[in-house]
Amino acid sequence: MIKNIENIEELKEEISRLKKEVDINQILAIDTPFIDSHSDFAVINIPSYGHQGHNLIFMADDKILMFSSGNGKEIDKKYERIMNKKFGRSTISIFMLLRAVLKNYSHEFVRIREVMNTLEMDPVLDSIEDTGRILRKLTDRMEGLFQIIIELKEEDIKWFNFSLVSFEYDLFTTEARYWLERCRSHVYRIASLRTKSEMRSNRELNDTMKKLTVIMTFLTIVSIVVNVPGTVGAIFGIPALSNAYFEEHVTFLIITLFSTTVLSVLLGLFYWKKLGFK
């Protein structure tokens with residue numbers, strides 16, 4: 001008998017009635033899919049994305065408890081003939097849940113891929129790191145799901161009769177392997193995006209250094225012009241700067257200082273534009 005449960009407390013009560021010692025809270029706290037099989041019972045836990053949360057199947061004796069938020073509850077009509085066979089209902093229910101979770105994971109992968117496509121155009125390092133963490137989590141979940149798929153096929157779990165859905169299950173296994181490889185390949189793409197972001201940061205740093213070099217060059221020229229009186233005083237002595245000494249050449253001195261200052265500014269601006277800065 002299969003019973004669908006949507007409340008954790010109800011699930012705990014049902015398991016306690018079966019006299020099985022299972023810590024449901026600890027199982028649901030695990031963030032990756034796993035299967036725990038014993039001689040008298042088996043537990044399959046598969047977390048999913050979005051509002052669906054966790055998906056847990058508890059199998060003991062002739063009773064199967066399914067704790068799920070909508071995943072795998074709809075059975076395809078083509079499997080109705082299998083439902084009346086021994087362990088047919090449990091086999092199809094597990095298979096439908098696995099298919100629904102894989103679809104959920106594939107949608108999450110497509111979402112992550114779209115984010116990565118955006119990051120190709122604007123490789124912001126913080127966003128790349130966040131996306132990388134989300135992708136690694138999805139890859140771990142996909143690997144856990146694939147491991148469950150293989151174990152259900154190869155291990156002797158009486159509640160799942162592989163022979164009833166052998167052809168469809170092999171196709172499903174191939175599809176799951178495909179999505180797993182896609183996740184793994186995009187992990188390397190994250191590394192490529194990280195390198196691209198670092199290259200852009202280095203390029204921006206070089207541009208900043210060039211701007212600072214121009215500014216320092218400009219300030220050096222200005223400081224030289226400003227220090228002309230001090231230089232004259234150092235060479236000819238302080239009296240040379242007196243009003244009596246320059247009284248006949250004040251206009252020439254002002255024009256000279258003004259011209260050299262303007263020239264230094266123009267040269268600085270010319271150098272700035274030549275480097276292509278804005």
Inter-label distance, nm, simple model (7 Å from Cα along the C-beta direction), Glu9/Ile30: 2.6
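Efficiency by 1/(1 + (r/R0)^6): what FRET value for Phe162 and Glu21, r their Cβ-Cβ distance, R0 = 22 Å, to the nearest 0.05? Write down the numbers at each step before the final one.
Values: r = 28 Å, r/R0 = 1.29.
In this case the efficiency is close to 0.20.
Grab the other residues whose beta carbon is less than 13 angstrom from that of Ser48, score K and R as +1, D and E as -1, and report the net.
On the way: positive: Arg99, Lys103, Lys137, Arg141; negative: Asp31, Glu108.
Result for the neighbourhood of Ser48: +2.
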Net charge contributed by nearby residues that have their C-beta within less than 12 Å of Arg133 (K/R +1, D/E -1): -2
Using alpha carbons only: equivalent-ellipsoid semi-axes of region 2-201, gyration tensor based, whole Å: 36, 19, 13
Chain lengthening between Leu212 and Val187 when straightened (0.36 nm per residue, less Cα-Cα): 5.2 nm
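Readers should treat all values here as calculations from the given coordinates under stated rules, not as data from a laboratory. For clarity, every value in this text was computed on a predicted model and none was experimentally measured. Here the Cβ is made from the backbone with ideal geometry for all residues, glycine too, and neighbour counts use every protein chain on show.
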